[in-house]
Each structure stands twice: as structure tokens, then as C-alpha cells.
Amino acid sequence: MNSLFLSLLLVSLLFVKSFSEGQGKKWKGEGTTQNLESIVIGRCYEYTRIVNPSVGEKNCSELWEAFKNAFIKKDPCNIRPSDYELFINLSLHTIPPNKSLFWENNQQLVNSFSGRTRRYMSLGDTLFGFFGDLLNWCGQANSTGLDYDSCPTTEECENNAVESFWQMASITYAQHSSGVIHVLLNGSAEGGAYPVKGFFADYEIPNLQKDKISEIVIWVVDDIEGPDRDSCGIHTVKILENRLKTLGYDLTCTDNYKSVMFLLCLDHPDHSKCAFSSSAPAAQRGPTSSDRGGSWNKLMFVAFVGFLFRSALVY
């Protein structure tokens with residue numbers, strides 16, 4: 001009786017183990033974004049029809065298939081940047097000279113400042129970057145389905161689907177940037193404005209094409225309510241400046257670039273950092289609404305006194 005019980009228990013444990021393995025390993029990261037296919041195909045049409053029609057016609061369904069085939073039915077920890085090569089080639093388009101905007105630790109600000117290609121074209125403003133921006137995805141080995149429960153983080157394995165995608169996208173973006181290159185860094189970031197290990201340092205700087213670049217312009221901008229941890233000429237920004245000079249680039253660096261500060265101050269109009277000085281007085285077309293009543297009363301008073309004075313002269 002005991003032997004039968006132990007045999008049944010062993011079979012049950014083996015079944016549970018086999019079932020768990022068949023379901024796929026659970027990771028620490030968030031799972032694939034729900035409705036991923038619909039989102040990225042919709043983004044493709046939005047980009048080619050509205051955001052940047054100059055890229056011309058793109059087969060959005062074909063782009064989805066090339067994107068998906070880069071990681072589907074593969075070990076989620078064995079996805080290489082080169083697996084996305086077909087997708088990148090199909091989605092590639094011209095990046096206008098003087099429009100490239102690289103960044104670290106300030107994605108939301110960069111998205112606002114670029115103006116969806118109107119002012120600059122950051123990686124997220126290219127078609128291939130727009131395709132995957134702020135999304136998450138991964139597949140499962142030996143399965144055609146996406147894993148909606150969990151995906152590996154970079155700490156668990158660097159060669160995951162998302163990390164490898166952005167490595168390939170960053171390399172491609174750097175290779176096709178030209179003219180004046182702009183770099184927007186966060187001077188309030190913990191650890192410094194320029195991470196010595198990051199996408200800009202590891203994948204973008206090494207792939208810049210020096211013969212196509214006239215100058216690199218660095219902007220170090222502090223958060224409005226954040227500390228001033230890093231600036232031009234010191235700390236990690238100095239490391240970046242030295243690296244670029246060693247590579248032979250001409251560069252300039254500006255702290256708290258005013259155009260970016262104006263944008264930040266839209267959300268903090270009363271902050272002391274947003275009290276911009278001006279060399280000329282602001283133009284005023286007339287009294288403000290709060291002053292109009294006082295001005296009218298003064299005018300009427302003067303007119304009334306003048307009337308009394310003239311009446312006194314007559315009589």
C-alpha cells in the first residue's frame with residue numbers, strides 16, 4: 001500500500017514538473033504588451049500617413065511579420081541584434097541632416113522637445129523606433145505564441161528580445177545620423193548625466209560616421225525640481241567631452257539650454273528657475289484687465305476736475 005502511494009506521488013510530481021516546463025519559464029519582467037500586433041501595425045500607418053509621410057509607402061503587415069520573426073519560436077534569452085536586420089532594412093528611411101537628437105535619462109522630455117520630427121528626429125521619431133517605443137514583447141522557445149505573462153529583464157539575460165531590438169535600432173540610428181549632432185543629457189540624474197555604460201556610450205558613439213558629422217552639440221539640462229548633479233566640463237560630462245575630443249569631433253556644451261528650459265517651465269511656471277530675465281521690457285499693448293478699471297476712473301476724475309475748472313473760469 002505504501003509503495004503504491006509513493007509511486008502515485010512520484011508520478012504526480014513528474015507530471016507537475018513536466019507541465020510547468022511546458023508552460024514556459026516565468027521571468028521577472030512584464031509580459032508582452034496586450035494587442036501588440038494591432039498597436040504596432042497601427043503605429044506604422046500613423047507614422048507613414050500622419051507623422052512623417054515623406055518616408056513613402058511601407059507594407060505594415062510585412063513589417064510586423066519581420067519584427068515578429070526576429071524573436072518568435074526562439075529562446076527568449078538568445079535573441080541577437082542581427083535577428084532584427086530584416087525588419088530594420090524594411091523600415092529604414094532617411095534621417096535629415098542636423099536633426100539627430102541623442103539622449104540619456106530623459107525620454108519624455110526628448111519626445112516633447114523633438115516635436116514628432118518637427119524640430120528634431122530622435123530614435124523614437126524614426127519609423128523603426130516609433131514601432132517599438134514604450135512597448136514590451138517576447139516569445140517562447142518552440143512556440144508560435146507570445147508570452148503575455150512575463151519576459152526576461154536585462155538583469156536576467158542581456159540578449160532578450162527588447163534589449164537586442166534597441167541595440168540594433170541604436171546602431172542603425174547612429175550610422176545614419178549626419179551634420180550637427182545634438183545630445184540632450186539630464187544633469188539631475190543619479191550617477192551622472194552621461195552613463196559610461198549605456199546605449200549612447202556603447203552602441204551610438206561607436207557607430208557615428210565621423211566623415212558625415214560637422215559638430216556635436218551637448219545640452220545638459222537639470223530637472224526643474226531636481227538637483228544640479230552634473231554640468232559641462234565636470235564629472236561624467238567631462239568624461240564624454242574628452243571621449244568625443246579624442247575621437248576628433250568638434251563640440252560645444254551648454255548648461256540648461258534655454259529652449260529646453262522654456263519647455264520644462266510650461267509645467268512649473270512659478271518656479272524660481274523659470275524667472276527668465278530679459279534685456280528689454282516686455283511689450284504692453286494696453287492696460288491689463290486688472291488695471292483697466294483704475295485707469296478709467298483716473299481718466300474720468302481728470303475730466304471732471306477739468307470741467308469744474310472751466311466752469312469756475314466762466315462764472
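The values are calculated or read from the model by the stated rules, or taken from the named source; none is laboratory data. This one's a predicted model, so the numbers in the text were calculated from it and none came from an experiment. No Cβ is skipped: glycine too gets one built from the backbone with ideal geometry, and neighbour counts run over all protein chains shown. These area figures cover heavy atoms from the full protein model, side chains too; ligands, DNA and RNA do not enter into them. Shrake-Rupley method; radii C 1.70, N 1.55, O 1.52, S 1.80 Å.
Assuming a ≥ b ≥ c are the square roots of the Cα gyration tensor eigenvalues, decide whether segment 98-151 counts as rounded (a/c under 1.5), prolate (otherwise, with a/b larger than b/c) or oblate.
prolate
The order of His93, His271 by accessible area, most exposed first and with a 1.4 Å probe, is His271, His93. Each residue of segment 70-83 is assigned a 3J(HN,Hα), and the resulting list reads 5, 9, 6, 6, 10, 4, x, 9, 9, 9, 9, x, 5, 5 Hz, derived from the Karplus form 6.51 cos²θ - 1.76 cosθ + 1.60 (θ = phi - 60°), x at Gly and Pro. With a simple spin-label model that places each label point 7 Å from the Cα along the Cα-to-Cβ direction, the separation between Lys197 and Ser214 comes to 3.8 nm.
Apply 1/(1 + (r/R0)^6) to the Cβ-Cβ distance of Ile41 and Glu158, taking R0 = 25 Å, and write down the FRET efficiency to the nearest 0.05. Given R0 = 25 Å and the Cβ-Cβ separation, E is 0.30.
Can you send over the carbon and sulfur percentage of the accessible area for segment 111-214, probe radius 1.4 Å, protein chains only?
Of the solvent-accessible surface of segment 111-214, carbon and sulfur hold 45 percent.
The mean accessible area for residues of segment 152-288, using a 1.4 Å probe and ignoring ligands and nucleic acids, is 51 Å² per residue. For His93 and Thr246, what does the FRET efficiency come to when R0 = 30 Å and r is the distance between their Cβ atoms, rounded to the nearest 0.05? Given R0 = 30 Å and the Cβ-Cβ separation, E is 0.40. Simple point charges give the picture: +1 on the Cβ of Lys and Arg, -1 on the Cβ of Asp and Glu, and for segment 157-262 a dipole about the Cα centre of about 360 debye. This model, with +1 at the C-beta of Lys and Arg and -1 at the C-beta of Asp and Glu, gives segment 202-282 a dipole about its Cα centre of some 320 debye. For segment 152-231, the Kirkwood estimate of the hydrodynamic radius, built from every pair of different alpha carbons, is 14.2 Å.
So what is log10(I(q)/I(0)) for segment 118-189 at q = 0.12, 0.18, 0.23 1/Å, when the Debye sum runs over its Cα atoms only? At q = 0.12, 0.18, 0.23 Å⁻¹ the computed log10 ratios are -0.46, -0.87, -1.14. Were the residues from Arg119 through Asp149 laid out at 0.36 nm apart, the gain over their Cα-Cα distance would be 7.0 nm.
Suppose R0 equals 41 Å. What FRET efficiency, 1/(1 + (r/R0)^6) with r the Cβ-Cβ distance, do Val55 and Cys274 give to the nearest 0.05?
0.65
Surface composition of segment 215-267: carbon plus sulfur atoms contribute 50% of the solvent-accessible area (1.4 Å probe, protein chains only, all chains present).
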